[in-house]
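**Q** Quick one: the structure is below, and I'll ask about it shortly.
The values are calculated or read from the model by the stated rules, or taken from the named source; none is laboratory data. All figures in this text were calculated on a predicted structure; none of them were measured in a lab. All Cβ positions, glycine included, derive from the backbone under ideal geometry; neighbour counts span all protein chains shown.
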Ligand code: SF4
């Protein structure tokens, strides 16, 4: 991936998603930390539904420690791994009170020492809450980076992050993280990416592969259709006629096709399918 290509990708996703932002609702660094912790293996939408009431009931680390673990579990039970997450929230709140005066630390290293907070969560917190440039690599960022060839298919999450940090100007790290998430969430989805209308198809190895596969699939379908037509009653009768000479009407039609075989013969079906598909393939590659 060279700098020019990367610039093209960054500018294109910026045009597509000018309002990309953190979709986890929060009012302060503490709520953001809790929201990101809850979002592991869960959609932002579900987290927002839960935190809409959670953040009214629990406003500070003390609030989370003032209830039995079971009550907190119950308050977040709509979220996957809720037992683990509830336990981590209480442990995290204990540490915030004991070591940081109830505040979320600003240092990346300190954040990653908190229970339930990994590198990705810490990146989201420092970049969104404290304006420190960072690229958090979640499932969307990883998938899109690999499809576009920004990262290699077998790169680890950390390797993807390092490649992005090298290719994206530092002042654009945070916004690029949001744009890549929007691009992956709403356009280059895990299932059914919109390659046929993608403005990045010209630079995307995965998209080109998918479009070629789609053309091949279409070819197979056309051939199947042609075969089905061939065994229809009219064709079967034509087959019985064996080597019968083409009627004048058929010969005329053949001429009109400019050298194509007379319609009705299997060869003509295949030939015409090939013509159609060649045109389609041409169109697909130029799309
Ligand atoms: S061409 Fe397809 S795979 Fe590539 S970025 Fe666009 S939508 Fe994703």
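**Q** For the condition within 16 Å of the ligand (Cβ to nearest atom), in contact with a helix residue (DSSP H, G or I) (Cβ under 7 Å, 6 or more places away or on another chain) and in contact (Cβ under 8 Å) with a residue 12 or more places away in the chain, what is the one hit in 140, 177?
**A** 140
**Q** Tell me, please, whether a residue that is buried (at least 17 other Cβ atoms within 10 Å of the Cβ), under 30 Å from residue 176 (Cα atoms) and more than 19 Å from the chain's Cα centre (by Cα) can be found in the stretch 8-26.
**A** The answer is yes; a qualifying residue exists.
**Q** Further question: Considering each of 164, 158 in turn, give the residue that is farther than 17 Å from residue 7 by Cα and either in the same structural domain as residue 86 (by TED's automatic domain parsing) or away from the ligand (no atom under 16 Å from the Cβ) (or both).
**A** That would be 158, the only listed residue that is farther than 17 Å from residue 7 by Cα and either in the same structural domain as residue 86 (by TED's automatic domain parsing) or away from the ligand (no atom under 16 Å from the Cβ) (or both).
**Q** Residues to consider are 104, 124, 137; find the one that is outside any loop (DSSP other than H, G, I, E, B) and crowded, with 21+ Cβ neighbours inside 10 Å.
**A** Just one listed residue meets the conditions, 124.
**Q** Ok, one more. Please name all residue pairs, on different chains or six or more residues apart, with Cβ atoms under 6 Å, provided the first residue is in the stretch 203-226 and is surrounded by fewer than 17 Cβ atoms within 10 Å (Cβ to Cβ) and the second residue is outside any helix (DSSP H, G or I).
**A** Sorted first by the residue in the stretch 203-226, then by its partner, the pairs are 205/149.
**Q** Here's another thing I want to ask about it. Select the helices (runs of 4 or more DSSP H) contained entirely in the stretch 183-261, then report the ones holding at least 1 residues which are modelled with pLDDT of 50 or more, away from the ligand (no atom under 16 Å from the Cβ) and more than 30 Å from residue 6 (Cβ to Cβ).
**A** Per the criteria, 205-230, 233-240.
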